[in-house]
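Some notes on the structure that comes next.
The values are calculated or read from the model by the stated rules, or taken from the named source; none is laboratory data. Here the structure is a predicted model, which is why all the values come from computation and not from measurement. For neighbour counting, all protein chains shown are included, and Cβ atoms are generated from backbone atoms with ideal geometry for every residue, glycine included. Surface accessibility is based on the protein's heavy atoms, side chains included, excluding ligands, DNA and RNA. Shrake-Rupley method; radii C 1.70, N 1.55, O 1.52, S 1.80 Å.
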Amino acid sequence: MTGQPKRCVQILNEALHAIFAAREDVVLLGEDVLDPYGGAFKVTQGLSDAYPDRVLTTPISEASLFGVAAGMALRGQRPILEIMFGDFVTLGFDQVVNGISKFAEMYDDQVTVPLVVRTPMGGRRGYGPTHSQSLEKLLLGVPGITVVAASECHDVGALLTRAVEDDRPVFFIENKLMYGRPNRRPVDGHVDELAVRESGGAYPALTFSATDFDEGSATIVTYGGMLPIALEAVTDLVLEHEVFCEVVALSQLVPVELGAVLESVARTGALVTAEEGTLTGGFGAEIAARVQEVAWSDLRAPVRRIAARDGIIPSARPLEDAMLPSVDELVGAVLSLESVRS
């Protein structure tokens, strides 16, 4: 009998231990990463005891940390920089936009910057306006970096390992709620009752269907911590409305790879984007623009975008819940497209 799947935080921790054992050029630095604390979300637990010379605790100075990590990468190491909360990447943004993302092209590909920036994003934990944001959209317009967002149904350990092996700078986004959840990998091509297809590449997309990809009313494209909300919406649509749709969960957000999205939209004829970041200028806007450029004839209605409201995320849980996108909003968006039939 197969046991319960491990929690995502355990998988990530085991992956880090395996990476350190396999590669002597990997170092980790960040705030409060030393044992016994092992990082704010315990992803680095046990590493500093096992590799005391390669796990470095740092001051609270994110701009400096990005610069130090970039220098280490340029000199041949493979640093993993842990930023305690994704909200704080803004403090190092100059290093990212004007250095880390540009060095390879500025020096005619004679240098590489194999740096991984691990950071948790997302709300729904009552942490308030400055510790609950999903700021992936700030990274989407920066050429020269790769942005990977793990979800609870992706192979999170393999994603992290590939990020460390990547010669490009990689931002590795870990949703906070994902840490405590089981890593629900497909078994015999299914997650629960949903059929799943996994694309190729280092950072694959997962496509879910309640009908074995025979039919569908809409495609929901999402990533990271919004995946369980999208899957719950799919279940509600089937049970309460007898409406079937597909979900595409991307792991690579930048550079944009639309293959799995376009394949699904060709089957369903409609698209809903879902993200936990704020609506304006977000992930959904970029996906919508790109899909409409190349698959206009497949769409029977305008793309619907579901996201957080444009504003702060309150600390009070009822207000936070009202600010962030919900299952009901996703269901409503799909049903509005279902009513548009040629």
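Of the residues making up region 104-132, those that are more than 22 Å from Asp321 (Cα to Cα), of a type in the set (Val, Ile, Thr) and open to solvent by 10 Å² or more (accessible area, probe 1.4 Å) number 2.
Criterion first (among the aromatic types (Phe, Trp, Tyr) and part of a loop (DSSP other than H, G, I, E, B)) does Tyr127 satisfy it? Spelling it out, Tyr127 is indeed among the aromatic types (Phe, Trp, Tyr) and part of a loop (DSSP other than H, G, I, E, B).
Residues considered: Phe244, Phe208. Of these, the only one that is more than 13 Å from Glu338 (Cβ to Cβ), modelled with pLDDT of 95 or more and touching a strand residue (DSSP E or B) at 6+ places or on another chain (Cβ under 8 Å) is Phe208. Taking the conditions (1) modelled with pLDDT of 95 or more; (2) more than 21 Å from Asp166 (Cα to Cα); (3) open to solvent by 70 Å² or more (accessible area, probe 1.4 Å) in turn, Ala22 satisfies each one other than (2). Filtering region 18-41 to residues that are touching a residue at least 40 places away in the same chain (Cβ under 8 Å) and of a type outside the set (A, V, I, L, M, F, W, C) leaves Arg23, Asp25, Gly30, Glu31, Asp32, Gly39. Residues that are in a loop (DSSP other than H, G, I, E, B), open to solvent by less than 20 Å² (accessible area, probe 1.4 Å) and not basic (Lys, Arg) within region 167-196 comprise Pro169, Asn183, listed in sequence order. Counting the residues of region 133-165 that are open to solvent by 20 Å² or more (accessible area, probe 1.4 Å), part of a loop (DSSP other than H, G, I, E, B) and touching a residue at least 24 places away in the same chain (Cβ under 8 Å) gives 5.
Residue check: Ala15 meets all listed conditions (1) among the small types (Gly, Ala, Ser); (2) free of Cβ contacts under 8 Å to residues at least 60 places away in the same chain; (3) more than 27 Å from Gly128 (Cβ to Cβ) but one, namely (2).
The residues on offer are Glu276, Glu286, and the sole one that is in a strand (DSSP E or B), at pLDDT 95 or above and open to solvent by 10 Å² or more (accessible area, probe 1.4 Å) is Glu276.
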